[in-house]
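To keep things clear, I will list the structure first and then write my remarks on it.
We did not get these values from a lab; they are worked out from the coordinates using the rules stated. Please read all numbers here as calculations on a predicted model, not as lab measurements. Glycine also receives a Cβ, built like all others from the backbone with ideal geometry; neighbour counts cover every protein chain displayed.
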Amino acid sequence: MNNDTKFDLEERLITFAANILKIRQSIVESMGSIHLSNQLIRSGTSPSLNYGEAQAAESRKDFIHKIQIVL
């Protein structure tokens, strides 16, 4: 990992979430695929939001606590 990518985790997580939404649009709809793709959307888009929330932590201890909630 080079220094350019070391500090852009939030940007990469947002790109990942956008890619998840694109993948969902390409899935043929059936009862099973709708159920699974909804779960994919929830699990694939939440990391960027949770990380963004952790970035707003008031202290290092608060940051660790918020990241532990995500885990």
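Here's the picture: charge each Lys and Arg Cβ at +1 and each Asp and Glu Cβ at -1 in segment 27-71, and of I64, Y51, I41 the one pushed furthest to the positive end of that dipole is I64.
Helix content alone sets the calculated 222 nm mean residue ellipticity of the chain: runs of n ≥ 4 DSSP H residues at -39500 (n - 2.57) each, divided across all residues, give -26500 deg cm²/dmol. Going through [x] 29, 24, 23; [y] 46, 28, 16; [z] 32, 23, 18, the figure that equals Cα extents along the principal axes in Å as computed for the structure here is [y].
Under a point-charge model restricted to the Cβ atoms of Lys and Arg (+1) and Asp and Glu (-1), what is the dipole moment magnitude of the chain relative to its Cα centre, in debye to the nearest 20?
160 debye
When you filter the GluC sites (Glu not before Pro) in segment 1-62 for DSSP loop state and at most 10 other Cβ atoms inside 10 Å of their Cβ, you are left with E29, E58.
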